Amino acid sequence: MPKQYLQLSNFSGGLNTKFDARDIKDDEITNVSNLQVYKPGQLFSSTASATEISRAAGTLVAGYGIKLFRSDTDLSNVALMLELLALADTADDSDTKIDFIENPFNTTGMGTRDATNFDDDTEEIDLGSGASANVIYYYVDGALRTCDAGGANVASNTANWYGFVKRGSSAFGGDINDWESKTNNLAAPVGTNSGITETGYAPTTSNAGVGFDIDLSISTADDDGLWESTTYELAQSYVYEGDQESLLTTYPETVTLSVNNYFENVYVGLKAAFDERIKGGRVYIRKQGSNDLWTLFLDIDFERGVRKDFGAQDYHGFSATSGAAYSHTSFTDATCVHNDDPTVNHDDDDGAIKVGMWVTGTGIQAGSTVSSVTSDTSFELSITTNGGSLTNTLTFHSGFTIKGPSIDTYESINGFSPDIGQISFGQAAGLFYKTANVCNMRTFVANVKYYKSTGSSETKLMPDRILYTPPGKYDTFPPNQFIDIGINDGEDFIALESFGTKLLAFKNSTLYIIDVTSFNDTEWFLESTHNGLGVDKPSAVVRTEFGICWARKTGIYAWSPSQGIVELSAKLDKNVAPMTGLSNPVVGFYPPDSQLLVVQNCGATSDALVYDFITKSFTELGTYTGAAISNMQNNQDNCIWLEGNDVKKYSSAQGSTAWILETKDFDFGNPGVLKRPLRLIVSYSTSSGVTVTSNYYKNGDGSPDGLDSSTWTTAANGGVKSIDLKGIGSVASLKFKFTATGNYQINDITIVYRTTRKSPSTGQN
């Protein structure tokens with residue numbers, strides 16, 4: 001019979017261990033390690049992961065601890081767009097601390113806060129005294145949120161907010177332009193340190209950074225006030241970055257209005273320094289002792305000033321002392337005629353002289369105020385206890401007249417009641433969530449230890465609960481905004497991930513897909529439930545451009561809106577290697593080559609699997625990690641993780657490593673007759689001589705026979721290795737196994753053979 005040729009140049013079908021080695025496609029392979037197969041016509045040895053940069057000695061918890069994000073400002077407050085890598089050290093001075101590496105993929109461009117300066121970096125995040133933390137993050141609206149997701153010492157750690165604050169305001173005695181690390185607590189003002197007075201001029205005292213002093217007077221006119229005749233109580237709040245409002249603190253004082261009276265000469269006083277996240281606050285009013293809604297009374301913005309409603313009302317800007325005492329008016333005589341004395345500088349907004357106005361001047365005792373007004377052009381002084389020497393951080397605004405209630409309420413502004421109890425995870429140490437995701441302008445967290453109900457101070461671990469924020473308020477978690485799924489089902493929520501407006505909520509064994517498209521949360525719905533598709537760690541889930549991907553012991557999966565759930569590992573037998581090593585996976589995505597990286601066990605030395613979305617094929621990377629690793633992060637060019645003290649990145653480039661290639665079992669398209677192999681020809685290239693051991697399996701045998709072990713010489717521009725197969729004899733089927741260590745590329749494999757007229761079963765013609 002004439003010679004025949006079987007040429008193999010495409011192995012992009014990748015691993016197939018699900019089916020018999022004789023029945024798989026010619027472009028599929030039964031065993032592969034450390035070879036990239038996704039390019040037809042090229043099969044090359046893969047580099048191991050590359051170390052991008054090393055940090056100072058630190059301790060990680062497997063599957064947790066890093067976050068890659070972008071900022072417009074570096075850690076030295078320079079307006080420089082760059083990437084920042086947050087890294088947790090879970091045993092730094094018996095604390096859990098997070099520090100940052102600037103430009104982790106450009107070591108020459110790193111700032112001063114680098115991997116060698118962890119302990120000395122004052123900008124580091126300190127979660128608390130508890131070490132061994134399962135640190136997770138979410139980043140949105142320019143700030144990084146950090147939480148211990150239930151580590152061994154979670155009771156000692158507190159949720160954190162870390163972001164860049166840039167704001168100008170005399171309320172702080174200067175501008176803010178810095179990174180701030182704060183407990184993620186949307187705390188309300190302290191009620192006992194600020195109050196209400198009824199004198200009708202700017203407040204005379206204010207404690208630093210603890211709330212807003214109010215001063216007002218009751219109108220003397222009685223014909224056009226729109227307020228009900230009763231006693232009123234007032235309350236105050238803080239407004240934090242992201243327009244997130246705290247709950248309310250009630251003032252100890254009350255005010256009373258008679259029929260048709262109203263408020264006039266309403267002033268606000270405040271004094272630095274406030275928490276840098278606080279950008280202002282609000283004052284509300286309602287009838288004393290009632291359950292009426294709290295109505296907006298004053299809106300305070302540290303940069304713009306004060307206004308009395310959200311309509312067309314302009315802000316009244318703050319004024320600030322520049323010396324010992326504040327003065328609206330300066331003069332030299334104890335009595336003067338306003339329009340005739342050239343030494344008077346009158347700067348009150350409405351041009352009126354008021355009782356209680358503070359004054360200073362030559363010969364005027366400190367603390368002097370206007371005691372009486374003869375006319376609109378002359379006044380008398382008195383020495384009072386009001387006023388006096390104050391620091392240069394006291395600020396107040398010009399007075400308002402408020403004739404009737406606003407239409408805005410606390411509920412209409414925030415979407416929840418101020419009586420709800422608590423609204424932030426940073427309220428106390430030991431509060432936590434085990435997974436977080438930002439979807440459709442809300443933050444979703446699940447498996448929480450939080451306040452068990454509205455208005456309650458009691459906390460409870462709720463593994464079946466998903467909490468969510470109002471739109472755009474990414475740190476505000478009202479206890480009554482929740483989804484409970486699978487209560488008491490023996491499973492906990494482990495991971496949340498989103499794609500578009502679909503939220504994928506993973507428990508240990510079950511996946512729930514929730515549609516959160518609507519702006520109205522009452523219109524959300526559970527789209528589908530999938531048993532047996534849960535995960536063990538948040539790090540086992542990753543979002544890619546192709547959808548959400550995840551790994552568990554039973555397989556590797558993907559979900560997209562167009563295709564639903566697809567098992568990527570459908571061609572891999574769960575009962576044989578490499579799937580049997582998939583015990584504690586962590587998953588990452590490498591955008592440049594559209595590849596999914598699945599490390600089999602993030603807690604120990606481990607192999608990895610790589611799935612190529614273009615060819616829809618798997619290959620294996622043997623002994624890919626040498627120790628426990630963190631979760632994985634990616635930008636458009638890299639997939640990275642922390643391994644020990646090294647930040648490592650995935651590489652699909654050709655490199656030198658130990659590799660294995662095992663082909664399918666070829667019957668040459670004619671299983672009914674015997675074949676006589678003649679020669680094996682391999683076209684290859686390599687930059688240095690590589691010793692390749694070749695083995696063969698005949699007729700489906702499970703054990704290989706030796707064939708050849710020799711050095712395939714340097715062939716940078718291409719070479720050919722020819723191996724004599726005549727000694728094998730006649731076979732029904734044949735497959736090959738190659739093992740080597742080195743930088744290597746196979747272009748194609750050709751098997752030369754002849755068919756016989758003999759049957760494999762009888763050996764007869």
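Values in this text are rule-based calculations from the coordinates and carry no lab data. Please read these numbers as outputs of a predicted model, since none were measured by experiment. Quick reminder, even Gly has a Cβ in these numbers, built from the backbone with ideal geometry, and neighbours come from all protein chains shown.
Our estimate of slack between A716 and F519, defined as 0.36 nm per intervening residue step minus the Cα-Cα distance, is 64.9 nm. When E662, E545 are arranged by Cβ crowding within 10 Å, least crowded first, meaning fewest neighbours, the order is E545, E662. Here the label points at D23 and T454, each 7 Å from Cα along the C-beta direction, are separated by 6.0 nm in the simple model. Scanning residues 5 or more positions from I176 or on other chains, those with amide H under 5 Å from its amide H are R167, G168, S169, with H placed 1.01 Å from N in the peptide plane.
Roughly speaking, what is the centre-to-centre gap between segment 590-641 and segment 20-94 when only Cα atoms are used, to the nearest Å? Taking the Cα centre of each part, segment 590-641 and segment 20-94 sit 7 Å apart. Cross-link pairs exceeding 25 Å between alpha carbons, from the set K3/K737; K452/K473; K25/K649; K182/K449: K25/K649.
Scaling against 2.2 N^0.38 Å puts the C-alpha radius of gyration of segment 647-765 at 1.23. Phi angles of segment 472-488 translate, via the Karplus equation with coefficients 6.51, -1.76, 1.60 and θ = phi - 60°, into HN-Hα couplings of x, 10, 7, 10, 9, 10, x, x, 8, 9, 8, 10, 9, 10, x, 4, 6 Hz per residue; Gly and Pro are given as x.
For segment 230-298, the average shadow cast by the Cα convex hull is 5.5 nm², which is a quarter of the hull's surface.
Report Rg/Rh for segment 496-652, rounded to two decimals, where Rg is the Cα radius of gyration and Rh the Kirkwood radius. Working shown, then result.
Details: Rg = 15.6 Å, Rh = 16.0 Å.
In segment 496-652, Rg relative to Rh is 0.97.
Between beta-carbons, use under 9 Å as the cut-off and find the net charge around G168, counting Lys and Arg +1, Asp and Glu -1. Surrounding charge for G168 is 0. Cα extents for segment 391-496 along the principal axes, largest to smallest and rounded to whole angstrom: 60, 36, 28. Shape summary: segment 559-693 maps onto an equivalent ellipsoid whose semi-axes, from the alpha-carbon gyration tensor, are 31, 21, 16 Å in decreasing order. Each Cα pair under 8 Å and six or more residues apart adds its separation to the average, and for segment 429-652 the resulting relative contact order is 10 percent. Legend: ranking of residues I98, I66 from fewest to most surrounding C-beta atoms inside 10 Å; resulting order I66, I98. With a cut-off of 9 Å between beta carbons, the residues surrounding I494 carry a summed charge of 0, where Lys and Arg count +1 and Asp and Glu -1. Return the tail of the calculated pair distribution for segment 169-307, meaning the percent of Cα-Cα pairs more than 25 Å apart. The calculated P(r) of segment 169-307 puts 28 percent of pairs beyond 25 Å. Applying 1/(1 + (r/R0)^6) with R0 = 41 Å to the Cβ-Cβ distance of D708 and D637, what FRET efficiency is obtained, to the nearest 0.05? About 0.50, to the nearest 0.05.
When Rg and Dmax are taken over the Cα atoms of segment 454-526, they come to 12.8, 35 Å.
The ranking of K721, K25 by Cβ neighbour count inside 10 Å, starting from the fewest, reads K25, K721.
Along segment 154-164 the Karplus relation, 6.51 cos²θ - 1.76 cosθ + 1.60 evaluated at θ = phi - 60°, assigns HN-Hα couplings of 4, 5, 9, 10, 10, 4, 10, 10, 9, x, 8 Hz to successive residues, with x for each Gly and Pro.
Determine Rg/Rh for segment 503-545; Rg is computed over alpha-carbon atoms and Rh is the Kirkwood hydrodynamic estimate from the same atoms. Numbers along the way, then the final one.
Numbers: Rg = 11.8 Å, Rh = 11.4 Å.
Rg/Rh: 1.04.
Would you mind calculating the gained length between D141 and A658 on full extension (0.36 nm times residue separation, minus the Cα-Cα distance), in nm to one decimal?
Going from the current span to full extension adds 181.6 nm.
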